[in-house]
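What follows is a set of notes on a single structure, which appears directly below.
Where a number appears in this text, it was derived from the coordinates with a stated rule and is not lab data. All values derive from a computational prediction rather than experimental measurement. Quick reminder, even Gly has a Cβ in these numbers, built from the backbone with ideal geometry, and neighbours come from all protein chains shown.
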Amino acid sequence: MKSKQAHQGFTLIELIITVAIVAILAKVSLGAYQDSVLKGKRAQGRAAITDLLLQQERYLTQRNCYLGFTSTTSGATATASCGSTPSFTASTFPFKYYSGDNATSPAYLLSAAACSSSALSDCVQITATPQFTDNAVGSLQATSTGTKSCTGTAASSNPKLCWP
């Protein structure tokens, strides 16, 4: 009697199909993950703007004008306040000028300036500049008067991406 031997293992076709399915799932998952991370960073930037606007309002009640400033990962520099330029050190700067937990690798750096055709005593515009590539939204902006916008391609095509 002859007994048939059972083949064990996978055929090459089965292996190729499995690898192709895994590759497709990985590509879809990676894209969804990156999109989620981007949405999280944008939300962090919007929250940082909102927090800074609240801090600016408090500064306004104490000094009768807003504080204009620019920032880098090494610190923030005041540019104007009530007609003068106050001096602050990195440790005494009154506002958080970045989003996230540390200033050395923030998702956004914040800056403040007078609104167009307005003085710092009347209106302040906060700008959150991304420290990563975000062509769709770009920089996020909000003013103390409630105007919100962004500079990316979504500003005209899908503004809900900027400020949902």
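Sorting Leu12, Leu67 by the number of Cβ atoms found within 10 Å of their own Cβ, with the fewest placed first, yields Leu12, Leu67.
Shown in residue order for region 52-58 are the 3J(HN,Hα) couplings computed by the Karplus curve 6.51 cos²θ - 1.76 cosθ + 1.60 at θ = phi - 60°: 5, 4, 5, 5, 5, 5, 5 Hz (x for Gly and Pro).
Which of these, Ala90, Ala47, Ala142, has the largest mean-square fluctuation under a Gaussian network model of the chain (Cα springs below 10 Å)? The residue with the greatest mean-square fluctuation here is Ala90.
So, in the chain, how many Lys pairs have Cα atoms under 20 Å apart, if the pair is 8 or more places apart or on different chains? So the count of such lysine pairs works out to 8. The separation of region 1-70 from region 139-164, counted between C-alpha centres, amounts to 22 Å.
Near Gly152, the amide H atoms lying under 5 Å from its own belong to Gly138, Ser139; only residues 5 or more places off or on other chains count, and H is placed 1.01 Å from N.
Entry note, the chain: the mean residue ellipticity at 222 nm calculated from DSSP H runs of n ≥ 4, each adding -39500 (n - 2.57), is -12000 deg cm²/dmol after division by the residues and rounding to the nearest 500. Here Arg58, Arg63, Arg46 are placed in order of increasing Cβ neighbour count within 10 Å, fewest first, which gives Arg58, Arg63, Arg46.
Labels on offer are (1) 30, 22, 16; (2) 53, 17, 10; (3) 22, 21, 14, and the one holding semi-axes √(5λ) of the Cα gyration tensor in Å computed from this structure is (2).
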